[in-house]
Amino acid sequence: MPDGDAFGQGMGAFADTDSQQLRALIRQARKDAKPEKPGEALRHGRAYRDIFQIVRQHLAGAMNEAGDKA
């Protein structure tokens, strides 16, 4: 999630997504990804998992639509 332009491209592809919610999740995921102490592993919190769920739902929906057209 380092690229802000990727957000715009994703929103263009999935226009029915709540962009405000997704922006908030991305901000929270970026904040959670920073280790609290030097040398600690990156942490993937709830926001990261929520983003993954949203992307997975949209990809599954896109695949279903493609299968219906074939």
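The values are calculated or read from the model by the stated rules, or taken from the named source; none is laboratory data. On a predicted model such as this, the values are computed, not experimentally measured, just so you know. Counting neighbours? That spans all protein chains shown, and the Cβs are built from the backbone with ideal geometry, glycine included. Keep in mind that these areas ignore ligands, DNA and RNA; they rest on the heavy atoms of the full protein, side chains included. Shrake-Rupley method; radii C 1.70, N 1.55, O 1.52, S 1.80 Å.
To keep it simple, each residue is scored yes or no on (1) of a type in the set (Asp, Glu); (2) farther than 22 Å from residue 62 by Cα.
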site: 16; (1), (2): yes, no
site: 22; (1), (2): no, no
site: 30; (1), (2): no, yes
site: 33; (1), (2): no, yes
site: 38; (1), (2): no, yes
site: 42; (1), (2): no, yes
site: 47; (1), (2): no, yes
site: 52; (1), (2): no, no
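Kindly list, by first and then second residue, each pair from a residue in the stretch 46-62 that is under 14 Å from residue 21 (Cβ atoms) to a residue that is open to solvent by less than 100 Å² (accessible area, probe 1.4 Å) and of a type in the set (S, T, N, Q), limited to pairs with Cβ atoms under 6 Å and residues at least 6 apart or on different chains.
47/28
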